[in-house]
Amino acid sequence: MSLTITSEPAVEPLDLDDVKCHLRIDGDEEDERLERMITAARQFIEQVTWRQLITATYAWKLDRLCGVLYVPRPPLQSVASIAYIDANGDSQTFSSSLYTVDIAHDPGRILPAYNQSWPNTRGHIQDATITFDAGYGDAADDVPAAIREALLLKVEELYRPGCDAITNAIMHMLSPYRVYDTRIIRNL
């Protein structure tokens, strides 16, 4: 299994002005550094929670399609396509009418439609590719407030290192959002 981001988020979940206000910074001489810290904080929180904060597109490669597929990097927004290499070695696209996408479930899941089954693949590594969009939405305000507050604290921790109390607060705030679903790990 491999998971590759093919389209990065268009915006960050924090605005530079909000970060500067939080850190009580006037002026713009550190703006570039703060922008990098916002991106680093987002990437850290996405890694810790195993969630996608702002909409991004992924290519998820699997050896085969079987059972219920629990999609990594929730929340799942949509599945664009399921492509696979058939037993003859030819590329195929599995019709969207033959599978069901459950975006209400957390993490999202994909399964064959009623009375359908997954197609047989060639039986080699990474024979199937699922292209999907994940994230809370396209705008910073779509991200839950607790995660945004944890992001502010993470930027503060990066800007002023050495405060364990901030680290503990961040982890505590993120705890309800962490993905612990082992079904996703089995897909990997």
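The values are calculated or read from the model by the stated rules, or taken from the named source; none is laboratory data. Since the model is a prediction, treat every value here as computed from it, not as a measurement. Neighbour counts run over all protein chains shown; Cβ positions are idealised from the backbone, glycine included.
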Practice prompt. Six or more apart or on different chains, Cβ under 8 Å: which pairs go from a residue in the stretch 167-188 that's outside the structural domain of residue 75 (by TED's automatic domain parsing) and modelled with pLDDT of 90 or more to one that's among the acidic types (Asp, Glu) and not in a loop (DSSP other than H, G, I, E, B)? Could you list them?
Written response: 170/157; 173/149
Discussion item. If I go through the stretch 128-163 residue by residue, how many of them are modelled with pLDDT under 95 and assigned to a loop (DSSP other than H, G, I, E, B)?
Written reply: 4
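Would you be able to say whether some residue in the stretch 24-41 is surrounded by 17 or more Cβ atoms within 10 Å (Cβ to Cβ) and of a type outside the set (A, V, I, L, M)? Even if it seems obvious, please write down each step before you answer.
At the first step, the residues of the stretch 24-41 found to be surrounded by 17 or more Cβ atoms within 10 Å (Cβ to Cβ) are 34, 37-38, 41.
Keeping just the survivors that are of a type outside the set (A, V, I, L, M) gives none.
No; the residues of the stretch 24-41 include none that is surrounded by 17 or more Cβ atoms within 10 Å (Cβ to Cβ) and of a type outside the set (A, V, I, L, M).
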Practice prompt. Collect the residues in the stretch 68-117 that are in contact (Cβ under 8 Å) with a residue 40 or more places away in the chain, part of a loop (DSSP other than H, G, I, E, B), touching a helix residue (DSSP H, G or I) at 6+ places or on another chain (Cβ under 9 Å) and of a type outside the set (Lys, Arg), keeping them in residue-number order.
Written response: 68, 71, 72, 74, 107
Worksheet item: With (1) in a loop (DSSP other than H, G, I, E, B); (2) under 30 Å from residue 113 (Cβ atoms) as the list, and residue 57 as the residue in question, which single condition is left unmet?
Response: (1)
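Does any residue of the stretch 1-13 turn out to be closer than 30 Å to residue 119 by Cβ, assigned to a loop (DSSP other than H, G, I, E, B) and touching a residue at least 12 places away in the same chain (Cβ under 8 Å)?
At the first step, the residues of the stretch 1-13 found to be closer than 30 Å to residue 119 by Cβ are 1-7.
This time we only want the ones that are assigned to a loop (DSSP other than H, G, I, E, B), so: 1.
Restricting the remaining residues to those that are touching a residue at least 12 places away in the same chain (Cβ under 8 Å) gives 1.
Yes, the stretch 1-13 contains at least one residue that is closer than 30 Å to residue 119 by Cβ, assigned to a loop (DSSP other than H, G, I, E, B) and touching a residue at least 12 places away in the same chain (Cβ under 8 Å).
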